[in-house]
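Student: Have a look at the structure that comes next, please.
Read the figures in this text as sums done on the coordinates, not as results from a lab. Just so you know, these numbers come straight off a predicted model, no measurement behind them. Here the Cβ positions follow ideal geometry from the backbone for every residue, glycine too, while neighbour counts run over all protein chains shown.
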Amino acid sequence: MRKIIVVALGGNAIKQADEAGTAEEQRRNVAITCRQLVSMLRYGHRLVITHGNGPQAGNLLIQQEAGAAEVPPQPLDIVGAMTQGQIGYMFQQTMQNMLWQEKMPLPVVSIVNQVLVSEDDPDYKDPSKPVGPFYTEEEAARIKKERPDYVIKEVKPKSVARRFRRVVASPDPIRNIEYVAIRRMVEGGMVVIASGGGGIPVVYDAEDNLRGTAAVIDKDKAGERLAEVVGADIFLILTDVDAARVHFGTPQEKAVRTVTLSEMRKLHAEGHFKAGSMGPKVLACMRFIEWGGQCAIITSLDKAVSALIGTAGTRVVPDPVAE
Ligand code: ADP
Ligand code: MG
């Protein structure tokens with residue numbers, strides 16, 4: 001059966017933890033990822049691809065500060081747009097090359113994509129998502145003076161000199177702004193890369209105009225909203241572990257395989273999945289099934305194809321309908 005699959009790619013699809021993030025390294029990782037994606041296209045599935053941007057946005061923010069004496073630094077929403085272009089370009093070109101070689105000349109397109117959030121979101125009251133460079137206490141005090149709008153928090157122990165970092169809100173995504181365009185592109189048979197880095201967070205101002213906001217949206221939660229608007233059958237989260245685990249990091253650790261929505265709700269409530277990493281993935285999977293999706297999967301890149309046929313990964317499926 002041909003399906004519409006929204007694939008959310010984790011950080012390791014573009015940059016491995018031990019890498020500096022050179023263009024060559026990123027291209028190599030993107031090529032490995034695209035080979036898996038192309039094998040899904042070979043089965044006739046339609047793909048919508050989304051991706052994280054943490055390391056790339058981090059590096060760009062460092063460049064903004066380091067070059068501030070010569071070039072005006074750009075705000076966080078514009079940095080987000082830059083990374084959508086940067087990462088989208090790498091995937092777009094690599095996929096196009098591979099598909100042409102395979103004689104599957106599907107159009108591949110990446111779009112700059114905004115995602116609506118609300119400044120009433122509780123996360124704006126106590127921002128927790130660290131972004132950009134680490135600062136010493138003196139640097140943190142200076143930046144606080146220059147930018148009174150910044151929230152700077154101590155994110156490492158006292159023994160570390162550079163332990164301060166800017167933190168921003170991570171609001172819940174409400175709606176994908178360009179959803180009509182994305183939907184039409186998918187219906188037209190294109191491979192679409194959208195909502196990169198969780199999308200550029202935007203709010204409506206008093207005049208009902210969109211405006212970028214200093215925040216970072218979780219890419220798995222935004223990917224789920226994307227899956228809704230394209231009417232996806234499957235939401236596939238590819239990360240650096242092959243499954244979500246209960247009792248993670250303990251000797252009792254055990255991979256979660258195929259579970260119903262109710263079973264996953266129970267595990268989630270028991271607190272097995274860490275906030276900021278596995279937590280939002282599990283939450284996004286549950287939301288997708290609540291919305292009406294057939295199957296939401298968490299697995300690693302190399303297990304993606306097996307997970308689609310049910311022999312790998314964590315898979316969340318709807319509760320059985322009562323007779
Ligand atoms: P991504 O870039 O793919 O979003 P994250 O680092 O945000 O990756 O999330 C994946 C990480 O979640 C894993 O590497 C693992 O360390 C962590 N994790 C936290 N809780 C769990 C759990 N219960 N089961 C498996 N992995 C978990
Ligand atoms: Mg993550």
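Student: Mind checking the full-extension length gain between E102 and A68? Use 0.36 nm per residue of separation minus the Cα-Cα distance, one decimal, nm. Spell out each step's value before the answer.
Tutor: On the way: separation 34, 0.36 × 34 = 12.24 nm, distance 4.53 nm.
Full-extension gain reported as 7.7 nm.
Student: Hey, what did the chain get for relative contact order, percent, Cα under 8 Å, at least 6 apart? Working shown, then result.
Tutor: Values: 653 pairs, mean separation 64.4, N = 323.
Relative contact order comes out at 20 percent.
Student: From the P(r) of region 1-76, could you give the percentage of C-alpha pairs in the tail past 14 Å? Spell out each step's value before the answer.
Tutor: Details: 1946 of 2850 pairs.
That tail contains 68 percent of the Cα-Cα pairs.
Student: To continue, here is another question. Rg and Dmax in Å for region 170-275, alpha carbons only: what are they?
Tutor: Calculated on Cα positions, Rg and Dmax stand at 17.1, 56 Å.
Student: Mind giving me the FRET efficiency for R28 and Y204? R0 is 41 Å, r the Cβ-Cβ distance, nearest 0.05 is fine. Present the calculation step by step, with values, prior to reporting the outcome.
Tutor: Values: r = 41 Å, r/R0 = 1.00.
With a Förster radius of 41 Å, E is 0.50.
Student: In region 1-148, what is the volume of the convex hull around the alpha carbon atoms, normalised per residue and reported in Å³? Don't jump to the answer; show the numbers that get you there.
Tutor: Values: hull volume 22.9 nm³, N = 148.
It comes to 155 Å³ per residue, whole-number rounded.
Student: Per residue of the chain, what 222 nm ellipticity follows from adding -39500 (n - 2.57) for every DSSP H run with n ≥ 4, rounded to the nearest 500?
Tutor: On the way: 9 runs with 118 residues, N = 323.
Computed mean residue ellipticity for the chain: -11500 deg cm²/dmol.
Student: If you take every residue apart from Q16 with its C-beta less than 15 Å away from the C-beta of Q16, what net charge results, scoring Lys and Arg +1 and Asp and Glu -1? If you can, show how the numbers build up before the last one.
Tutor: Numbers: positive: K15, R27, R28; negative: D18, E19, E24, E25, D240, D302.
Value of the local net charge: -3.
Student: Give a residue-ordered list of calculated ³J(HN,Hα) values for region 14-20 (Karplus: 6.51 cos²θ - 1.76 cosθ + 1.60, θ = phi - 60°; whole Hz; x for Gly, Pro).
Tutor: Here the 3J(HN,Hα) series is 10, 9, 6, 4, 8, 9, 7 Hz.
Student: Separate question: Counting only pairs 8 or more places apart or on different chains, how many lysine pairs in region 37-181 have C-alpha atoms closer than 15 Å? Display every interim value, and only then the final one.
Tutor: Values: K125/K153; K129/K153; K129/K156; K144/K153; K145/K153.
Lysine pairs meeting both conditions in region 37-181 amount to 5.
Student: Hey, another quick one. Check each of the trypsin sites (Lys or Arg not before Pro) in region 1-92 and keep only those in coil by DSSP with at most 13 other C-beta atoms within 10 angstrom; list them in order. Mind dumping the intermediate values first?
Tutor: Working: sites: R2, K3, K15, R27, R28, R35, R42, R46; in loops: R2, K3, K15.
Answer in residue order: R2.
Student: Then there's this: Can you list the residues, at least 5 places off or on another chain, whose amide H is less than 5 Å from the amide H of I193, using H built in the peptide plane?
Tutor: Placed amide hydrogens put I49, V109, S110, I111 under 5 Å from I193.
Student: About its Cα centre, what dipole magnitude does the chain give when the only charges are +1 on Lys and Arg Cβ and -1 on Asp and Glu Cβ, stated in debye to the nearest 20? Mind showing how you got there, number by number?
Tutor: On the way: 39 positive and 39 negative charges, 157 e Å.
The calculated dipole for the chain is roughly 760 debye.
Student: With the dipole of region 10-91 worked out from charges on the C-beta (+1 for Lys and Arg, -1 for Asp and Glu) around the Cα centre, which of M90, L76, A23 lies farthest toward the positive end?
Tutor: Result: M90.
Student: Compute from the Cα atoms of region 112-156 the Rg and the Dmax, the latter being the longest Cα-Cα distance, and quote both in angstrom.
Tutor: 13.2, 37
Student: Also: For every other residue with a beta carbon closer than 14 angstrom to the beta carbon of N59, add +1 if it is Lys or Arg and -1 if Asp or Glu, then tell me the sum.
Tutor: On the way: positive: K15; negative: E19, E25, E65.
Summing Lys/Arg as +1 and Asp/Glu as -1 gives -2.
Student: Only four residue types carry charge here, +1 at the Cβ of Lys and Arg and -1 at the Cβ of Asp and Glu. Report the dipole size of region 250-323 about the Cα centre in Debye, rounded to the nearest 20.
Tutor: On the way: 9 positive and 7 negative charges, 44 e Å.
With Lys and Arg at +1 and Asp and Glu at -1, about 220 debye.
Student: Tell me the Kirkwood radius of the chain: reciprocal of the mean inverse pair distance over distinct alpha-carbon atoms, in Å. Don't skip to the answer; put the middle values down first.
Tutor: Numbers: mean 1/r = 0.0488 Å⁻¹.
One decimal place: 20.5 Å for the Kirkwood radius.
Student: Determine ³J(HN,Hα), in whole Hz, for all residues of region 126-135 in sequence, where each value follows from phi through the Karplus function 6.51 cos²θ - 1.76 cosθ + 1.60 and θ = phi - 60°; x replaces Gly and Pro.
Tutor: With coefficients 6.51, -1.76 and 1.60, one gets 9, x, 9, 8, x, 9, x, x, 8, 10 Hz.
Student: Using just the Cα positions, wrap region 90-197 in a convex hull and report its mean projected area in square nanometres, one decimal place. Write down the numbers at each step before the final one.
Tutor: On the way: hull surface 40.3 nm².
Directional mean of the projected Cα hull area for region 90-197 stands at 10.1 nm².
Student: Could you line up H247, H272 from fewest to most neighbouring Cβ atoms inside 10 Å? Please report the intermediate quantities before stating the final value.
Tutor: Values: H247 11, H272 19.
Sorted ascending by nearby Cβ count, the order is H247, H272.
Student: Using Cβ counts within 10 Å as a stand-in for footprinting exposure, how do E154, E323, E224 rank, fewest first? Mind dumping the intermediate values first?
Tutor: Working: E154 12, E323 3, E224 31.
Final ranking by Cβ density, sparse to dense: E323, E154, E224.
Student: Another question about this same structure. Considering only the other residues whose Cβ falls under 14 Å of the Cβ of D220, what net charge follows from Lys and Arg at +1 and Asp and Glu at -1? List each step's numbers first, then the result.
Tutor: Values: positive: K129, K219, K221, R225, K274, K281, R287; negative: D172, D218, E224, E228, D240.
Local charge sum for D220: +2.
Student: Using each residue's phi in region 246-251, evaluate 6.51 cos²θ - 1.76 cosθ + 1.60 at θ = phi - 60° and report the 3J(HN,Hα) Karplus result to the nearest Hz, with x for Gly and Pro.
Tutor: 8, 6, 4, x, 10, x
Student: Using the count of nearby Cβ atoms within 10 Å as a rough guide to exposure, how do L238, L210 rank from fewest to most? Could you put the intermediate results ahead of the total?
Tutor: On the way: L238 25, L210 13.
The order, fewest Cβ neighbours first, is L210, L238.
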